[in-house]
Amino acid sequence: QVQLVESGGGLVQAGGSLRLSCAASGSISSITVMGWYRQAPGKQRELVASRTRISRMTIYADSVKGRFTISGDNAENTVHLQMDSLKPEDTAVYYCNLKGRLRLGVQVDVWGQGTQVTVSS
């Protein structure tokens, strides 16, 4: 079992900043990638940013490039998303995601419970 605990969502005015954090715990053997997705009402869930554990390669959605920064602490199995210059269109539920393996070698694709980010105009 793997658990993801997210924190840091909230309400902010356009142009403001928020920092999301996600901590993984449980029977994790190895983590391949951790990232953040978001889902706005009536829209599909989309990738916001991801970070591979070993190479620390990052990927960003075009809509957030230059405004959002993903980082992580491999020793603590955490990933963070620093969101600056927020726009109303960034309003969504943000989900942490982990892809990796359990101690028995089983591949897992785990989601957090989601945290609401609301940007007012």
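Of note:
- Based on C-alpha pairs under 8 angstrom that are at least 6 apart in sequence, the chain has a relative contact order of 36 percent.
- Amide proton proximity set for Thr91, modelled H, under 5 Å, gap of 5+: Val119
- What separates the Cα centres of the stretch 1-74 and the stretch 94-121 is a distance of 8 Å.
- Averaged per residue, the chain has 53 square angstrom of accessible surface, using a 1.4 angstrom probe with ligands and nucleic acids left out.
- Percent carbon-and-sulfur accessible area, the chain, ignoring ligands, DNA and RNA, probe 1.4 Å: 49
- Here Lys99 is the anchor, and the aspartates and glutamates within straight C-alpha reach of less than 20 Å, apart from those fewer than 8 places off in the same chain, are Glu6, Glu46, Asp73, Glu76, Asp109.
- Length released on extending from Ala61 to Arg103, taking residue separation times 0.36 nm less the Cα-Cα span: 12.0 nm
- Sequence of Arg101, Arg53 from largest to smallest accessible area, 1.4 Å probe: Arg101, Arg53
- Partner lysines for Lys87 [C-alpha distance under 26 Å; skip if fewer than 8 residues away on the same chain]: Lys43, Lys65
- Principal axis dimensions, the chain - Cα atoms, whole angstrom, descending: 48, 26, 22
The values are calculated or read from the model by the stated rules, or taken from the named source; none is laboratory data. The model shown is predicted, which means the values in this text are computed figures rather than measured ones. SASA here: full protein model, heavy atoms, side chains in, ligands and nucleic acids out. Shrake-Rupley method; radii C 1.70, N 1.55, O 1.52, S 1.80 Å.
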